[in-house]
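Each reported figure results from applying straightforward, stated rules to the coordinates on display, with no laboratory input. Since we're looking at a predicted model, the values are computed, not measured. Every residue, glycine as well, gets a Cβ built from its backbone with ideal geometry; the counts of neighbours run over all protein chains shown.
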Amino acid sequence: MAKQIMKRGRRPELMWGLGLDEKLKEQIEEGVGPGFHIKNFPAGSLPLAREIQQNEKPSAAWIPLSVWSNFPENHKAEYRNQDSTQRILIQDKQDSALSMDQVLAEGFLTVVRTPLTKPKIQDVMFRAKEVTSMYSDIYRMTEEIMLERELLARKTDQLMFLNKILASATESLEPATILANAKETLNLVLPIKMLHAAFWKHHESDVADVEIFLNGSMSPEIESAWVENIMASAGAMGSGPVNGFQILHTDSVRRPEYSLSPKDGKLVTMPLTAGNETFGCLALLCESGYRLGKDQVETFRSAVNHLGLALRNAMTFKEVKLRADRDGLTRIYNRHSFDERLVYEIKRRRRYNHDLSLLMVDLDHFKSVNDTYGHIAGDMVLQKVGEILTKTFRTTDLAARYGGEEFVVLLPHTSEEAAWKLAERVRKNIADCKFHFDNQDFSVTASIGVASVEGGALSADDDLIFKADKALYQAKNNGRNMVVVSGQKSAVQKAMQ
């Protein structure tokens with residue numbers, strides 16, 4: 001409700017008269033003095049809504065009661081809506097006196113009775129100025145309050161957004177889940193079409209292994225374009241020379257939006273840091289013409305910083321869990337992980353009555369490898385066997401180092417015949433592998449015991465291990481480099497020599 005109080009001496013302050021006769025107009029002009037200009041509208045030609053809405057608003061309007069009484073109600077409403085104009089009601093001395101409640105209800109500042117003497121008019125003007133000044137102060141304070149409320153609302157929205165980022169980022173220790181949640185949450189600030197990430201880890205040789213998390217499954221051409229772009233960004237942000245990279249997907253389904261290339265929008269690449277170390281980067285594909293305000297940019301950067309800490313924790317947890325669950329030499333699962341999974345799979349088999357098989361693999365005469373070529377050569381053999389097991393079996397199977405040169409493979413939903421075929425494949429792959437160490441060539445063989453259950457309940461959790469171990473013992477006694485299936489008397493399938 002801005003008030004336009006004109007300074008005397010610069011330009012006369014505008015006032016309106018609505019239906020004033022000449023005598024009333026002269027009395028008002030004499031009372032207010034030369035600093036005011038009264039524009040009087042005859043009773044039959046009062047200003048319409050267009051004139052009321054003009055830029056220069058009158059500071060006051062003098063209206064006789066007789067004129068006001070004849071106003072249509074819609075015209076009265078138009079005048080009442082002029083907050084910047086103080087309305088003064090003029091009442092003839094012969095009219096019945098109005099109460100102040102009636103005057104205020106009609107939207108007037110005050111009422112003055114004729115004759116309009118100079119003291120009466122000056123008193124009215126003093127009150128009008130006082131009210132105008134008070135309204136100006138209230139308006140200014142209201143503006144300040146509204147601005148503060150707006151700032152507070154924006155800060156509240158920012159805090160709620162950051163809180164949502166924190167909540168979604170800390171509800172999981174899986175990087176893929178954190179990134180999927182982050183895409184949804186960051187969309188509250190910036191329209192994001194795609195969100196990819198890369199993480200790198202340096203080795204002592206100063207080369208890095210890189211893990212790339214793509215938003216979803218996409219065509220080979222689009223995926224190659226993204227990988228090339230992300231690897232270039234990783235190099236620029238500190239990954240250095242790359243030893244190798246692995247591609248994972250936060251969403252395994254191929255959706256239409258995953259056909260977008262890095263050129264199909266505005267690409268924003270941001271580093272992920274923890275402390276003073278940059279360990280990864282985010283690649284965000286956004287709407288081309290979208291712009292963020294300064295406070296939104298700061299909020300977005302804070303969100304990415306929180307996200308970086310959560311992803312760092314997730315990668316650290318992943319590494320710790322990998323060390324706890326895996327064998328340090330072969331990188332396949334260790335015995336503790338196998339024991340836990342075996343109990344779980346036996347419980348599932350008992351509930352759903354599906355097939356369950358186990359392979360027990362032992363390298364033949366492995367001690368002679370260590371004795372002849374040294375333990376480094378022996379470690380090389382064990383690593384290769386771990387690699388063969390990893391490549392041979394499904395992700396739902398579990399291959400583990402059981403101890404020394406002995407390995408086990410747990411095969412859910414696998415019949416005895418299928419387990420035997422897999423065991424033969426493993427045995428052959430090991431036998432066909434040629435090793436070279438210290439200018440010497442050598443090879444190794446493996447004996448494998450197979451045990452399966454196809455129905456009914458086991459009497460104890462270690463029955464399957466006992467049967468596989470017994471079959472392995474039989475394979476060793478029968479000449480090694482063979483597969484023996486538990487419970488089969490003829491039981492030996494020997495490799496071609």
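Some points to look at:
- Label corresponding to volume of the Cα convex hull per residue in Å³ when calculated from the structure given, among (1) 260; (2) 150; (3) 312: (1)
- Counting 0.36 nm for each residue step from His354 to Ser133 and taking away their Cα separation leaves a gain of 70.8 nm.
- Unit charges at the beta carbon, dipole of the chain: most positive-side option, Met100, Asn353, Phe393: Met100
- Which of Thr395, Thr114, Thr185, Thr299 has the fewest Cβ neighbours within 10 Å, and the rest in rising order: Thr395, Thr114, Thr185, Thr299
- Distance (nanometres) between label positions extended 7 Å along Cα→Cβ at Gln94 and Val253: 8.7
- As a proxy for reagent exposure, ranking Ile88, Ile138 by other Cβ atoms within 10 Å from fewest up yields Ile138, Ile88.
- Those trypsin sites (Lys or Arg not before Pro) in the stretch 225-313 that DSSP places in a loop and that have at most 16 other beta carbons within 10 Å: Arg254, Lys263, Arg291
- Inter-label distance, His375 to Asn478: 3.5 nm, where each label sits 7 Å from its Cα along the C-beta direction.
- By the count of other C-beta atoms within 10 Å, a proxy for reagent exposure, Leu190, Leu284 are ordered fewest to most as Leu190, Leu284.
- Using R0 = 41 Å, the C-beta based FRET efficiency linking Asp83 and Ser288 works out to 0.40.
- Mean Cβ count within 10 Å, highest first, over the residues of peptides 341-354, 419-432: 419-432, 341-354
- For the stretch 255-265, the Karplus equation 6.51 cos²θ - 1.76 cosθ + 1.60, evaluated at θ = phi - 60°, returns couplings of 10, x, 5, 7, 8, 7, 8, x, 8, 8, x Hz by residue, with Gly and Pro reported as x.
- Entry note, the chain: relative contact order of 9 percent, from Cα contacts under 8 Å with a spacing of 6+ residues.
- Calculated mean residue ellipticity at 222 nm for the chain: -15000 deg cm²/dmol, from DSSP H runs with n ≥ 4 weighted as -39500 (n - 2.57), summed, divided by the residue count and rounded to 500.
- Lys, Arg +1 and Asp, Glu -1 on Cβ, resulting dipole of the chain about Cα centre, debye, nearest 20: 560
- For Asp432, net neighbour charge (Lys/Arg +1, Asp/Glu -1) across residues whose Cβ lies under 15 Å away: +2
- Simple point charges give the picture: +1 on the Cβ of Lys and Arg, -1 on the Cβ of Asp and Glu, and for the stretch 24-141 a dipole about the Cα centre of about 120 debye.
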